[in-house]
Structures are given as C-alpha cells and as structure tokens.
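> Below is one structure. I have some questions about it.
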There are 2 protein chains.
Amino acid sequence: MLRLTSCDHVLTILLILLSLYLFDAQKSRFLFHDMSAEVVDSNPYSRLMALQRMGIVQNYERIREFSVAIVGIGGVGSVAAEMLTRCGLGRLLLYDYDKVELANMNRLFFRPEQVGMTKTDAAVQTLSDINPDVVLESYTLNITTVQGFETFMSSLKNKTFCPSKEGSGVDLVLSCVDNYEARMVVNQACNELNQTWMESGVSEDAVSGHIQLLIPGETACFACAPPLVVASGVDERTLKREGVCAASLPTTMGVVAGLLVQNTLKFLLKFGHVSPYLGYSSLKDFFPTMAMKPNPHCSNAACLERQKDYILAKPARDAVAKAKMEAEASAAAAADVPLHVDNEWNISVVDDNELDSTCGSSSGALPEGLTHELPSADEFPKPPASRATDTTIDDLDDLRRQLDALNAD
Amino acid sequence: MLRLTSCDHVLTILLILLSLYLFDAQKSRFLFHDMSAEVVDSNPYSRLMALQRMGIVQNYERIREFSVAIVGIGGVGSVAAEMLTRCGLGRLLLYDYDKVELANMNRLFFRPEQVGMTKTDAAVQTLSDINPDVVLESYTLNITTVQGFETFMSSLKNKTFCPSKEGSGVDLVLSCVDNYEARMVVNQACNELNQTWMESGVSEDAVSGHIQLLIPGETACFACAPPLVVASGVDERTLKREGVCAASLPTTMGVVAGLLVQNTLKFLLKFGHVSPYLGYSSLKDFFPTMAMKPNPHCSNAACLERQKDYILAKPARDAVAKAKMEAEASAAAAADVPLHVDNEWNISVVDDNELDSTCGSSSGALPEGLTHELPSADEFPKPPASRATDTTIDDLDDLRRQLDALNAD
C-alpha cells in the first residue's frame, strides 16, 4: 500500500527529513568544545567559569580532564551524575544493574516514561541530552558478582581518556549503593587500586545521611571500622524485615548528592576544605563531622598493604611539603609581598605608618549615605597623661638613674 | 496537495491517532488518585508512605491538602518545585517572568530543548509529566510591578482548592528569588496576609547559601534586620558591578533547595524540628543556625501590625497550650503511660525496681556473637558502706534528736 512513487509521499518524507534535520540542528547548538568564560545567556559555562573570576577556583577548565566513576545510579547516584554533567566533567562512568520503576518517582532524576529501561540507559539518555560534551560510559552489571567485579576493575584501570594520568584511569570513585555488601566490594576494588573514593548513604527512615572520603592507607577504609552488627558476623540480609520497604525522600537524597558532589569538586579542583566525613541529620538539622585514621588491625589485607605504603612514603611526602614551603617563601621574598597572603586571619607584616593611613581611610570608604553609629576607638577622649608617661626618657642610662632615685626614696 | 480521500493518507492519519492514543495511555498509567501504601514497584508513593510505617510522619497523605507557592523558578525554586511534585503535594503555585537560557544549564532541572520557553511554562511541562496528580498553577509575571503584585496577592488569597482553610489560600510561600527588591515584595505580601513563608538564597560566589523561616509577628520579618548597605538607603542596583556575572553551582543550589523543602515538609507534616534559620557554608561545610525576634522598630508597618496581633493573642495561645498539656496529662493518666514520652531526653517517672530489671535485660538484648568489652557500671565493686549511711533514720524526730546530740558535743 505504501507506494513511494506518490508525490504526496515524497512530500511527507521530505517533511520528516526536514524535522529530523531541525531537531539535530537544535541539539548541535549545545555542543561546546571549549569552556568559554564569555558572559552571555547562550554560554552554558559562563556561571561556572565565573568561579574563577570570583577567586573560588584557580582553573575551572581543568574539570574537562577528570574522570569520575559513580557506582549505583539510584536516588543519590543519579542526581550526583546530573550535577557533574552540568558542571562539565570530562568523563563519567556509570554502574548499575537495576531497572527504573514507578516506585523511584519520589526521588529526583528519572521520569515516568523511562520506567522499564535500565537505570544506566535512562541516565545516559538524560545526561547526553543535557550536556553532550561529557564522555559517558555505562556498565549494566552487578559489581558483587565475579564477572561484574572483573569488568568494574578493568573499566577503572582503563587509561585511554587521559593516558598521562598517574595511578588508575579515574580520578575519583563515588559509591552511591544501598547495601553493605556492595560498599565492601567498592572498598576492595579501591584498596587494590590505591584509588581515592567517596562513600555516601541515606538511612532507611529517609531522614538522615552521610558522605565520607576514603584515601587508601591514609584514612580508615570501609572495613577498618565496620558497623557493630556486621563486625559480629550477623548476615546483613537477616536485618531486613519481611515486607518492609525503606522510606525515601527527594530532599534528603538531593542534599546528600549535593554535599557529595560539592566535596568532589573541592577535591578535584583544589578549593576549600575537603570533608573527611559529613553527616546530615535532618530532624534537627545537625551536621556532624569527624576524621578516622586507618585501623592497623583491619580485616582487609589490601588496606594493610596501603597502610604500609603510606608509612614508607612519609619521608618523600615530608620532602615534597618542605620543598613546596621553601619555594613559596622564596617566591614571596622575590616578589616582596607578605609571606602568607592566604592565611586564615589575613595576617601580614605592615608598616606602622602605612597601617595608620589605612585605618584613617576606612571611614572615608563607607558608601554614600552611611555613617558610623558609634565613634571609632581613635575618637574616644584620651586618658589624661600621667607624670611617668609625660617624662621623656631618652636612653637606658636615664631610665637607670630614675630607677635609682626611686629606690633611694 | 493534501487530499484526505487517498487511502494512504487515511492510513497515515490512523497511525498518528494510534500513536497519540498509545502515548496518552502511557501517561495515564501514572495517574494515582489516592496515595496507596502498597509495597510494589508500580506504586510511586510506596517510599513516601513508608515514612508513616517508619514512625517519622503521623499522616503522610495530608500532603494532598496543602498548597505551596514558589516565587522564582531559578536554580533553587525549580528544584524545590520538582521535590514537592515528587512528594505528591496537593497544589503548587509558580511565579516567574524570566525565560530559560543556555546559561541556566549549569543548574539542575531545565533542559537545553526548553531554551526560549518561559520558566513557568517549561516547569509546568516537566512537572506535569513527572506527577499529574499535583495541581499546578503558573503565573508569568514580575511581582515587583504594580500589576504583578496585585495578581500575586489575589492568587495567594484564592481559597478554591481548600475552602475550609483558615487564613490565605496557601499554606506556605517559598521565596527563591535572586534579589533584595523581590524579597521585600514577598515580605510585604506575607506581612499583609499574615502568611508564614520561607526565604532562601545563594551567595554570588556560589559557595554558600541559607534558608530562613518567617512567621509574621512571631519572628523577625525580612525588613526587621536589613543588610547595612540597604538600611542606609543605597540602591541595590549600584552594588552590581558592570559585566560581572554571578557564579552558580548545581551542588550549592541543590543543597539549599533540599534543605528548604525538607524544612517545608517538617513544617507542613509536623515532624522533627523546623529550623528558624540554617546557613550552608560549603568551603568549610559549616551550617550555622540562629533565631531572630521581630524588631519593635521595624520599618514595615504591616510587620508592626502583626507584632501587635501576636502580643494580643498571647493569653489565647497560653490557654490553648495549657488545655493541650492538661488533655495530654489526663490521657496519659487514663492510659497509665509516662506523661512525656516524647520529651527530648526521654525522661519519665519509672519505678526503681522496674528500672533495675530494664537495665539488667539490656545486656541480654545484644545480637548473637556480641559481648561487652567493658563491665557494666552495676558490676563495679560497691564502696564500703559508711557509718552515717548505715544508720537507719526512721522519722524526722529521730533526725532532730541526732542533730541536737551532735550540737551538744
């Protein structure tokens, strides 16, 4: 029945081709191969590049060189993936074996029309639409199986994206899984590869969560301080109650994903303080922090190896730190600027006269219409000068003579 | 050229109609008119209703009765709207006058194919796809104009959705705007309507933010403690530097939106502690909190009115609180349960013997395989009984006689 010779059909096909072309042209508008800092509404990177102008990040464009692996594309992992995609990360590796269900719709990211797709396929669909500049690699597998673990390990080792990179092929692994077994597998892989990673989690009652930074050998690994119940050898699966489903909220998961990716950005782009552990207890808005040293009796053999490496590398680390400090000091001396311009209290050596003139000018620096509510300390009436301070002391001999006279009284 | 009599055309039209029907059937699968608590993957509300089973929320389904207005559908407002939509809120009112730009793509929510649409239209498109159960009302207007303010006020007053509701037509207003002028307009509207609202903001350098709860008359309003520069009458616009665009990050905005909607859920569904103010300083992961009383010399006349109302209503509030306490006490007495089971430190009057038996049973409650590392306090050797405590004092007369004897020594 579909005779392509009909003139009307040719027209229909032409119309379809035209719409496909227009759709593709529309999409290609969003392909940016370099990160422009230009302040125009058509530049998707302008508000990120502004972090440089604001003095927060030294070189934002470096984000294009980094690879981040996200294990578990659920309520936290999917949002973390979207945030990194919108930040313009170089390469994102995604791991999950689950399918999108309607029961996931109470968390951000997945849409009802994606129900039935694998989470990895649905994520790649959404993320590549948002930012085609990010290199996406997805792995539909369960890392707790033998085959899955092998593929996981070899994908982390692959250095094709940035062959000059030291260590593994990724800069950071984010664990966004929902069970202890999978966390222990990520821990094993990262200990074996000497790979820095961040762990995240949300409680079963949906109202608290945490993120944690794990650097093999330097901080506690996930097996260094296992939960009490797990340490006692009780099978995690027996803890789950029959027919009880865990609660979840888009808020708690969104906050945990945000804290996780913020810590990731601070770690990769070297700004602010990277938190070793940050908790979020939403009922009281309490955010505990702490740091954990590795356990010298850790049950994980690879962790013990990394601890040994870390201790052996101490002299080399100290030498690097010393050289860096000396280089900074000599650079500062050469440039004749204060030694520690970036110290927390902005302390620097300033000439007394210069200080006076700076203080003096500060009242003049108030915006138009502003006045000081209270007089400045300089304007308080000076206490009447006492006899002792009134006396001009020229040198040490004078002082000694006066002291002798007082003693003679 | 398009002759509908052609058999091929009829087929084409039939195919189009069939696809439209299938698409619509697909969409209608996600329409749920009651919140089922059934634990199946096809129930989008199962993980929310689990909050009840977990004892966090008493009646989650009440969320269907609430109306929330979001002013400003940018980096914070759009994510807040998505979170509330996925939580199954009853009704959402959206206000913005801006259009989606490519420069917004570094924040969550809007997609590149929505560039050029108004933010309100794009938001309604995305949100109604995610959850068609939520009643969406969008207003493409600038609330700082006379006409915009009038429409804003009348939309807040409209009680069609829940005619029995006290006060205005909405339960909460969320301010997610990016400038002081718009915040002052929301403040004015909420003071006039005696409307509780929450304010949110993210710093120009993208690395910190805050949320704040404002209850007219009870807490400080936005004009009670204005920033110094604004208080001095300097025009906000003169503070913006030419050609400088503010930085933004999906992380900071996602965290602020999450904290804002979490506080909203706690406020509406009455669980946990609703924070009066919560800051987020991401460089050091510092989260300051505070509370602010209203300023009796506030420049906003409506605020002063609300403060007067609040003071006048004190006897009534006290009476309600007293009646509630008495009802609880008598209910507790009738049920023979501790008076304050929900107090912060779980203090309750417990019989001494009962306490002993509870403490004793706690060691038996440890999971299999666990032992106490240290002995319990009860097992420490008791100090030898002293002479004074050994003496049995029967009544007050005995005590007096002993005291007299000591004084006579």
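The values are calculated or read from the model by the stated rules, or taken from the named source; none is laboratory data. Since the structure is predicted, the reported quantities are computational estimates derived from the model, not experimental observations. For neighbour counting, all protein chains shown are included, and Cβ atoms are generated from backbone atoms with ideal geometry for every residue, glycine included. In case anyone asks, the SASA skips ligands and DNA or RNA and just uses the protein heavy atoms, side chains included. Shrake-Rupley method; radii C 1.70, N 1.55, O 1.52, S 1.80 Å.
> If you check A:Ser281, A:Ser275, which single one turns out to be closer than 24 Å to A:Asn106 by Cβ, of a type in the set (Gly, Ala, Ser) and touching a residue at least 40 places away in the same chain (Cβ under 8 Å)?
Only one candidate qualifies: A:Ser281.
> Here is a further query. Name the residue, out of B:Val68, B:Val100, that is more than 9 Å from every other protein chain (Cβ to nearest Cβ) and either open to solvent by 40 Å² or more (accessible area, probe 1.4 Å) or touching a strand residue (DSSP E or B) at 6+ places or on another chain (Cβ under 7 Å) (or both).
B:Val68
> Also: Cβ-Cβ under 7 Å, sequence separation 6+ or interchain: first residue in segment A:284-307 and more than 30 Å from B:Tyr277 (Cβ to Cβ), partner open to solvent by 80 Å² or more (accessible area, probe 1.4 Å) and assigned to a loop (DSSP other than H, G, I, E, B). Which pairs?
A:Arg306/A:Asn194; A:Gln307/A:Pro296
> Here's something else I'd like to know. Checking A:Ser138 against (1) open to solvent by 10 Å² or more (accessible area, probe 1.4 Å); (2) in contact (Cβ under 8 Å) with a residue 24 or more places away in the chain; (3) assigned to a loop (DSSP other than H, G, I, E, B); (4) out of contact with any Pro (no Cβ under 9 Å at 6 or more places or on another chain), only one condition comes out false. Which one?
Result: A:Ser138 fails condition (3) only.
> For A:Phe152, indicate whether it is away from chain B (no Cβ under 14 Å), modelled with pLDDT of 95 or more and crowded, with 17+ Cβ neighbours inside 10 Å.
yes
> Related question: So B:Val261 clears everything in (1) at the interface with another protein chain (Cβ under 7 Å from one of its Cβ atoms); (2) open to solvent by 40 Å² or more (accessible area, probe 1.4 Å) except one condition, right? Which one?
Of the numbered conditions (1) at the interface with another protein chain (Cβ under 7 Å from one of its Cβ atoms); (2) open to solvent by 40 Å² or more (accessible area, probe 1.4 Å), the odd one out for B:Val261 is (2).
> When the residues of segment B:106-142 are narrowed to those that are within 13 Å of chain A (Cβ to nearest Cβ) and of a type in the set (Asp, Glu), which ends up nearest to A:Gly254 (Cα to Cα)?
Checking each candidate, the answer is B:Asp129.
> Say whether the condition of being basic (Lys, Arg) and either surrounded by 16 or more Cβ atoms within 10 Å (Cβ to Cβ) or at pLDDT 95 or above (or both) is met by at least one residue in segment B:223-245.
No, there is no match, as no residue in segment B:223-245 is basic (Lys, Arg) and either surrounded by 16 or more Cβ atoms within 10 Å (Cβ to Cβ) or at pLDDT 95 or above (or both).
> Then there's this: Take the residues in segment B:71-97 that are in a loop (DSSP other than H, G, I, E, B) and within 22 Å of B:Ala189 (Cβ to Cβ); name whichever of them is most open to solvent (accessible area, probe 1.4 Å).
Restricting to residues being in a loop (DSSP other than H, G, I, E, B) and within 22 Å of B:Ala189 (Cβ to Cβ), the top hit is B:Tyr97.
> Oh, and also: Only residues that are of a type in the set (A, V, I, L, M, F, W, C), closer than 25 Å to B:Leu283 by Cα and in contact with a Phe, Trp or Tyr (Cβ under 6 Å, 6 or more places away or on another chain): list them for segment A:49-82, please.
The answer is A:Met49, A:Leu51, A:Ile56, A:Val57, A:Val79.
> Go over the candidates A:Lys270, A:Lys284, A:Lys293 one by one and state the one that is of a type outside the set (A, V, I, L, M, F, W, C), open to solvent by 60 Å² or more (accessible area, probe 1.4 Å), under 23 Å from the mean Cα position of the chain (by Cα) and farther than 30 Å from A:Glu61 by Cβ. Spell out the reasoning first.
Details: A:Lys270 fails: farther than 30 Å from A:Glu61 by Cβ; A:Lys284 fails: under 23 Å from the mean Cα position of the chain (by Cα).
Criteria check complete, one pass: A:Lys293.
> Follow-up question, since we're still on this one. Checking B:Gly55 against (1) at negative phi; (2) free of Cβ contacts under 8 Å to residues at least 24 places away in the same chain; (3) part of a loop (DSSP other than H, G, I, E, B); (4) open to solvent by 10 Å² or more (accessible area, probe 1.4 Å), which test does it fail?
The one condition B:Gly55 does not meet is (1).
> Here's another thing I want to ask about it. Just give me the residues in segment B:155-210 being charged (D, E, K, R) and open to solvent by 10 Å² or more (accessible area, probe 1.4 Å), in sequence order.
B:Lys157, B:Lys159, B:Lys165, B:Glu166, B:Asp171, B:Asp178, B:Glu181, B:Arg183, B:Glu192, B:Glu204, B:Asp205, listed by residue number.
> Restrict the check to segment B:306-320 and report whether at least one residue is aromatic (Phe, Trp, Tyr) and in contact with a strand residue (DSSP E or B) (Cβ under 7 Å, 6 or more places away or on another chain).
no
> Among what's in segment B:107-124 and is assigned to a loop (DSSP other than H, G, I, E, B) and of a type in the set (Lys, Arg), pick the residue that is surrounded by the fewest Cβ atoms within 10 Å (Cβ to Cβ).
B:Arg111
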